[in-house]
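Participant: Sharing a structure with you now.
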Amino acid sequence: VVWSPLAQGVLSGKYRRGEPPPGDARAAGSMGRFMGRLLRPKALDAVASLEPIAREAGLTMAQLALAWVLRSPYVTSAIVGASRPEQVREKLETLIAGADVLLQNLKPGAIEKLGFARERLREQYPKLIICSISGYGDSGPYAQRKAYDLLIQAESGLCSVTGSPDEITRVGISV
């Protein structure tokens, strides 16, 4: 299971000590083991202490958090998550500005709707290598369909050779 405190909003200053999580936040529902640990007063105070540094650098808290995460020699990619499109745009723009490669597998057309059309990215970031993956290609009758692992396994027949004669199952790892 991949979990990212940046994607969850913990490092972006979204949560405040003594205040309930915003209604649209993932933490507003199930707190879970990870969120409960990271939303302790000591952790929230540590994140809040970074706000003056972000302001002085002319960055949002999300941008500062992303820069901090990506400076780690052990981080090779970042998970961008958000509950509102403008949050995705801000985080993704910051990430792309310092990236060598953009690899995305959103639903066809989704990256463009967010404002990241290939043409703009090529113009603004000429050294950026852009790779868009879709389950059914860019053209043809299924081009606009979403694709996900279990669906592809089922449609390809892979599920029919796993499991038992009585129960068809997906393979153990994503393909």
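Participant: Determine, yes or no, whether K107 is closer than 22 Å to K146 by Cβ and either free of Cβ contacts under 8 Å to residues at least 24 places away in the same chain or among the charged types (D, E, K, R) (or both).
Facilitator: Numbers: closer than 22 Å to K146 by Cβ: yes; either free of Cβ contacts under 8 Å to residues at least 24 places away in the same chain or among the charged types (D, E, K, R) (or both): yes.
Yes: the conditions hold for K107.
Participant: Starting from residues that are over 16 Å from R17 (Cβ atoms) and among the hydrophobic types (A, V, I, L, M, F, W, C), keep the ones in the stretch 46-66 and report whichever is modelled with the lowest pLDDT.
Facilitator: Going through the qualifying residues, I end up with L66.
Participant: Restricting to the stretch 93-132, name every residue that is at pLDDT 85 or above, among the aliphatic types (A, V, I, L, M), touching a strand residue (DSSP E or B) at 6+ places or on another chain (Cβ under 9 Å) and part of a loop (DSSP other than H, G, I, E, B).
Facilitator: Selection gives L128 alone.
Participant: Restricting to the stretch 128-159, and then to whatever is more than 22 Å from the chain's Cα centre (by Cα) and open to solvent by 80 Å² or more (accessible area, probe 1.4 Å), can you tell me which residue is nearest to V88 (Cα to Cα)?
Facilitator: Across the stretch 128-159, the extreme among qualifying residues is D138.
The values are calculated or read from the model by the stated rules, or taken from the named source; none is laboratory data. This is a predicted model, so every value here is computed, not measured. Counting neighbours? That spans all protein chains shown, and the Cβs are built from the backbone with ideal geometry, glycine included. Heavy atoms of the whole protein, side chains included, go into the accessibility calculation; ligands, DNA and RNA do not. Shrake-Rupley method; radii C 1.70, N 1.55, O 1.52, S 1.80 Å.
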